[in-house]
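As structure tokens, the structure follows; a few thoughts come after it.
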Amino acid sequence: MYLTPALAETQPGSDTQVDRFDCRQVADWEAPDSALSWFERSLWASHCYIFQARAVRIGVDGVRTLALSHDIQDGVEREVARFLDGPPVFFERRGRIGRLSWSENANDIPASPAGIAQHIDRFYRLSLGGGDRIANRRAVRLDIEPLDGLRFGQRMWLDVQTALPLKRELLDDRGRVVETFQFTELHPPRLHQGSVSLDTQRAPPRQPWSPGWLPEGFIDQPVDTQSGQHGSEVGHRIYSDGLSTLSLFVEPIQEGRERLIPGLHRLGISLAVVRHLTVEGSPYQVVVMGELPPRVLAEVAENLTWTASQGEAPAPAE
């Protein structure tokens with residue numbers, strides 16, 4: 001069963017139709033009756049509950065503790081994560097409820113929670129496990145198993161009262177736990193008594209290249225990937241099946257600029273495949289990164305399609 005929440009309302013003081021999700025309706029929903037409905041409810045909960053928490057992340061790079069918060073101001077979400085040990089790292093994200101994909105025209109693109117739940121049901125088997133206690137709260141376990149060997153699985157523990165994710169284990173293609181993220185303390189969450197805005201429908205930016213192969217179900221994500229960290233000459237796109245995600249970077253190799261060594265690299269729990277190629281005499285560097293099997297990342301890197309002109313196809317760089 002998929003939820004069909006009311007989403008549209010007119011922004012006060014204007015004639016502009018703005019899609020919003022009224023979080024107050026969450027309190028009136030019936031309890032989830034299946035693994036898939038628990039998963040979708042957790043996505044809505046992550047957008048609608050205001051909370052502060054302490055958490056621990058355990059991965060191949062060790063153990064880190066974090067302070068987390070989620071708030072909503074004027075319909076815009078604000079998430080903050082601050083590492084409490086090791087090098088001081090601070091992350092902040094402001095945003096709206098995303099869409100499942102870019103929109104080329106006026107077709108309705110569903111909000112991510114509803115769209116994702118319908119989408120991942122085609123590529124993962126979801127089932128309910130036993131109950132547990134996480135961060136001193138009752139939790140239900142959700143097992144998410146991929147239906148092929150092209151993506152990783154997960155185990156999630158959801159708060160029985162709110163459906164907020166309290167713990168997540170990422171499982172590689174051999175079923176091994178490669179990362180655990182878990183709340184250790186959660187201050188009582190509070191349901192936002194108002195609306196959260198949805199992202200506007202946008203056409204995708206144009207790039208002279210595109211992936212010639214992606215695992216089935218991976219969709220170009222409607223997110224702004226421009227960053228001052230890598231400059232405008234670096235093309236960056238993100239693709240996801242709703243649960244697993246990969247990033248694709250393409251940039252010209254400039255004389256005197258440091259380049260990455262081709263091959264497989266590990267970046268924390270993520271893997272990256274680097275490839276150098278030549279297009280019409282110009283060298284480029286391709287990086288495909290994500291929490292996916294190495295062979296999947298390599299396949300994406302090897303099958304880049306270049307559409308800038310009708311010239312020669314990309315060739316491996318010398």
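When the residues of region 34-58 are filtered to those that are out of contact with any Pro (no Cβ under 8 Å at 6 or more places or on another chain) and farther than 20 Å from R155 by Cβ, the one that is least open to solvent (accessible area, probe 1.4 Å) is C48. When we screen G115, G153, G194 for residues that are in contact with a strand residue (DSSP E or B) (Cβ under 9 Å, 6 or more places away or on another chain), open to solvent by less than 30 Å² (accessible area, probe 1.4 Å) and at pLDDT below 95, the only hit is G115. Applying the criterion of at least 3 residues that are more than 23 Å from T305 (Cβ to Cβ) to the strands (runs of 3 or more DSSP E) found wholly in region 117-236 leaves 124-134, 137-146, 153-159, 165-171, 177-186, 195-197. Here the strands (runs of 3 or more DSSP E) wholly within region 59-101 that include at least 2 residues being surrounded by 15 or more Cβ atoms within 10 Å (Cβ to Cβ), assigned by the TED database to the domain that holds L166 and out of contact with any Phe, Trp or Tyr (no Cβ under 7 Å at 6 or more places or on another chain) are 62-73, 76-83. Within region 273-288, residues that are within 12 Å of V250 (Cβ to Cβ) and at pLDDT 90 or above sit with their Cβ atoms under 8 Å from residues that are open to solvent by less than 20 Å² (accessible area, probe 1.4 Å) and of a type in the set (G, A, S), at 6+ positions apart or across chains, in these pairs: V274/A301; R275/A301; V286/A301; V287/A272; V287/A301; V288/A272; V288/A301.
The values are calculated or read from the model by the stated rules, or taken from the named source; none is laboratory data. What you see is a predicted model; the values in this text were computed from it and never measured. With ideal geometry, Cβ positions are generated from the backbone for all residues, glycine too; neighbour counts draw on all protein chains shown. Keep in mind that these areas ignore ligands, DNA and RNA; they rest on the heavy atoms of the full protein, side chains included. Shrake-Rupley method; radii C 1.70, N 1.55, O 1.52, S 1.80 Å.
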